[in-house]
Amino acid sequence: MITADLAVRNIGLLATLAGPAPRVGAAQRDLALRQGAAIAVADGRIAWVGRDGDFEAAVALPGGAEVLDAKGAAVVPGFVDAHTHLAFAGDRDDEIQKRLAGASYQELAQAGGGIVRTVAATRDASVEALAGLVVKHLDEMLLCGTTTAEVKSGYGLETGAEIRSLEAIRLAAGRHVVQLVPTFLGAHEVPQEHRVDRGRYVALLVEEMIPTVAVRGLAVFADVFCEQGVFSVDESRRILLAARERGLKLRIHADELGATGGAELAGELGARSADHLVHVSPAGMRALAGAGCVATLLPAAAFYLRLGRFAPARELIAAGVPIALASDVNPGGGLSPSLPFAMALACFGMGLSLEEALAAATLNAACSLDLQHELGSIEAGKRADLVVLRSPRLLDLVRVGVPAIRAVVKNGREVVREGSLVPRDAGSA
């Protein structure tokens with residue numbers, strides 16, 4: 001008999017997503033659903049999943065164990081947000097107003113706005129201040145069901161400021177229940193002081209920033225914004241190869257504003273994830289599929305940036321590319337912390353089914369971060385990261401504005417209860 005310290009009982013519909021990872025092609029619709037289920041948790045990990053009627057015979061609950069009654073509602077894995085930019089200071093509210101008045105992202109960037117605008121504010125912020133801002137964003141994400149998040153640097157664009165950003169991410173990780181995966185994105189933009197000599201900045205990334213980040217163990221991944229006017233394919237290749245040689249795993253911002261060949265590069269280098277892909281080419285899709293590279297799509301970014309189109313999700317799935325979803329939380333084009341909102345856009349803007357969107361925000365997103373053996377599905381041995389809905393209807397997740405989430409469990413502890421954060425002094429956070 002299994003001894004548990006947390007039980008989740010009376011589950012109306014359980015989307016386990018148990019089975020192979022990542023989900024590819026038609027398999028991305030397979031949520032491995034169970035009716036009338038229960039879950040037992042021990043030491044932060046799932047110990048047993050089965051029929052609620054079999055629970056007493058299979059699981060012992062000692063004194064002090066907690067029981068979370070799902071009240072017949074649906075339970076899904078905790079959401080995994082595989083692309084965020086939380087480590088920033090300041091805002092770009094006036095630019096957003098200009099964009100609403102018709103200005104494009106490229107026009108604002110050429111006028112000195114965009115990423116470089118946030119760089120100035122972030123360089124002036126202390127590690128403590130940045131960590132506090134990251135924690136604030138994580139609170140918002142947790143209320144939306146996110147239990148794991150990738151977090152990028154990239155608003156420092158100089159060695160000291162990039163290191164401070166990564167240190168802030170590490171500090172925030174120690175203060176918050178959401179599990180963080182740090183990514184070095186010093187190649188987010190060419191800072192203004194290096195634009196007369198781009199090669200000098202690329203050399204700085206390769207010869208100073210990446211070695212420093214790697215030696216100090218501040219990041220798991222390295223990322224590059226491979227885009228016309230930002231980093232070329234050749235520059236991106238040099239940066240990513242340097243990162244890989246230093247032991248960092250690879251991600252890439254690819255083909256967001258135009259077909260630049262970023263997806264092809266991701267496939268060539270065996271990147272774990274290629275992100276955005278609004279303008280991915282057929283050759284890029286084949287390269288991603290051949291390399292087993294996850295396509296992390298960011299429909300909220302395309303929505304807020306008013307790009308006029310979304311990534312071709314159906315074509316990517318047909319090509320055999322595993323699809324993940326992420327929020328792209330950032331000060332300019334990722335204004336929502338909600339993965340359910342990204343799921344809604346993915347369903348009604350990109351043509352995903354509800355099942356495909358849920359798999360993309362859980363198991364496939366975990367694969368994007370190379371955490372599929374730990375997260376993304378509800379199976380014995382994995383971390384007990386769960387989202388309890390308010391009804392048995394999975395469709396409630398994409399009804400924007402509806403308070404669909406009643407509880408969130410992270411590492412076997414209830415951290416959101418009745419739609420509110422559980423205070424840390426309550427012992428569950």
Any chance you could count how many residues in segment 240-298 are in contact with a Pro (Cβ under 7 Å, 6 or more places away or on another chain) and part of a loop (DSSP other than H, G, I, E, B)? 2
Candidates SER232, SER165 - the one that is closer than 30 Å to ARG413 by Cα and hydroxyl-bearing (Ser, Thr, Tyr): SER165
Flagged in segment 251-286 as surrounded by 23 or more Cβ atoms within 10 Å (Cβ to Cβ) and among the aliphatic types (A, V, I, L, M), in numbering order, are ILE252, ALA254, ALA263, LEU265, ALA266, ALA271, ALA274, LEU277, VAL280, MET285
Applying the selection to segment 190-231, what residues are at pLDDT 95 or above and at positive phi? GLY217
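Criterion first (of a type in the set (Phe, Trp, Tyr), surrounded by fewer than 24 Cβ atoms within 10 Å (Cβ to Cβ), within 21 Å of ALA27 (Cα to Cα) and modelled with pLDDT of 95 or more) does PHE348 satisfy it?
Yes: the conditions hold for PHE348.
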Residue identified as open to solvent by less than 10 Å² (accessible area, probe 1.4 Å) and of a type outside the set (Ser, Thr, Tyr) among LEU17, LEU68, LEU13: LEU17
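Of all residues in segment 96-123 being part of a helix (DSSP H, G or I), modelled with pLDDT of 75 or more and among the hydrophobic types (A, V, I, L, M, F, W, C), which is nearest to ASN330 (Cα to Cα)? Step through it out loud before you land on a result.
Here is the first cut: in segment 96-123, the residues part of a helix (DSSP H, G or I) are 96-100, 105-110, 115-123.
After this cut, where a residue has to be modelled with pLDDT of 75 or more as well, the list is 96-100, 107, 115-123.
Next, only the ones that are among the hydrophobic types (A, V, I, L, M, F, W, C) stay: 96, 100, 115-116, 119-121.
On the way: ILE96: 12, LEU100: 17, ILE115: 10, VAL116: 13, VAL119: 12, ALA120: 15, ALA121: 14 Å.
Going through the qualifying residues, I end up with ILE115.
When residues of segment 53-71 are filtered for being in a loop (DSSP other than H, G, I, E, B) and either farther than 27 Å from LEU325 by Cβ or more than 29 Å from the chain's Cα centre (by Cα) (or both), how many remain?
Final tally of qualifying residues: 6.
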Filtering segment 326-343 down to residues that are open to solvent by 10 Å² or more (accessible area, probe 1.4 Å) and assigned to a helix (DSSP H, G or I) yields PRO340, PHE341
Criterion violated by THR362 - all others in (1) over 30 Å from VAL119 (Cα atoms); (2) surrounded by 23 or more Cβ atoms within 10 Å (Cβ to Cβ); (3) in contact with a helix residue (DSSP H, G or I) (Cβ under 8 Å, 6 or more places away or on another chain) satisfied: (3)
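Do you know which of the residues in segment 124-155 that are aliphatic (A, V, I, L, M) and not in a helix (DSSP H, G or I) is surrounded by the fewest Cβ atoms within 10 Å (Cβ to Cβ)?
It comes out as ALA125.
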Matching option when the condition is over 30 Å from GLU356 (Cβ atoms) and in contact with an Asp or Glu (Cβ under 9 Å, 6 or more places away or on another chain), among ASP30, ASP43: ASP43
ARG34 fails exactly one of (1) without any contact (Cβ under 8 Å) to a residue 60 or more places away in the chain; (2) open to solvent by 30 Å² or more (accessible area, probe 1.4 Å); (3) under 27 Å from the mean Cα position of the chain (by Cα); (4) more than 25 Å from ILE323 (Cβ to Cβ), namely (4)
Can you find even one residue in segment 2-22 that is in contact with a strand residue (DSSP E or B) (Cβ under 9 Å, 6 or more places away or on another chain), free of Cβ contacts under 8 Å to residues at least 60 places away in the same chain and either not in a helix (DSSP H, G or I) or not β-branched (Val, Ile, Thr) (or both)? yes
Does LEU375 qualify as being open to solvent by less than 10 Å² (accessible area, probe 1.4 Å), at pLDDT 95 or above, in contact with a helix residue (DSSP H, G or I) (Cβ under 8 Å, 6 or more places away or on another chain) and outside any helix (DSSP H, G or I)? yes
Looking only at residues that are of a type in the set (A, V, I, L, M) and touching a Lys or Arg at 6+ places or on another chain (Cβ under 8 Å) in segment 12-35, which one is nearest to ALA380 (Cα to Cα)? LEU17
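The values are calculated or read from the model by the stated rules, or taken from the named source; none is laboratory data. Just so it is clear, the model here is predicted, and its values are computed rather than measured. Note that we place each Cβ from the backbone using ideal geometry, even for glycine, and neighbour counts take in every protein chain shown. Ligands, DNA and RNA are stripped out before the accessible areas are found, and what is left, the full protein with its side chains, is counted by its heavy atoms. Shrake-Rupley method; radii C 1.70, N 1.55, O 1.52, S 1.80 Å.
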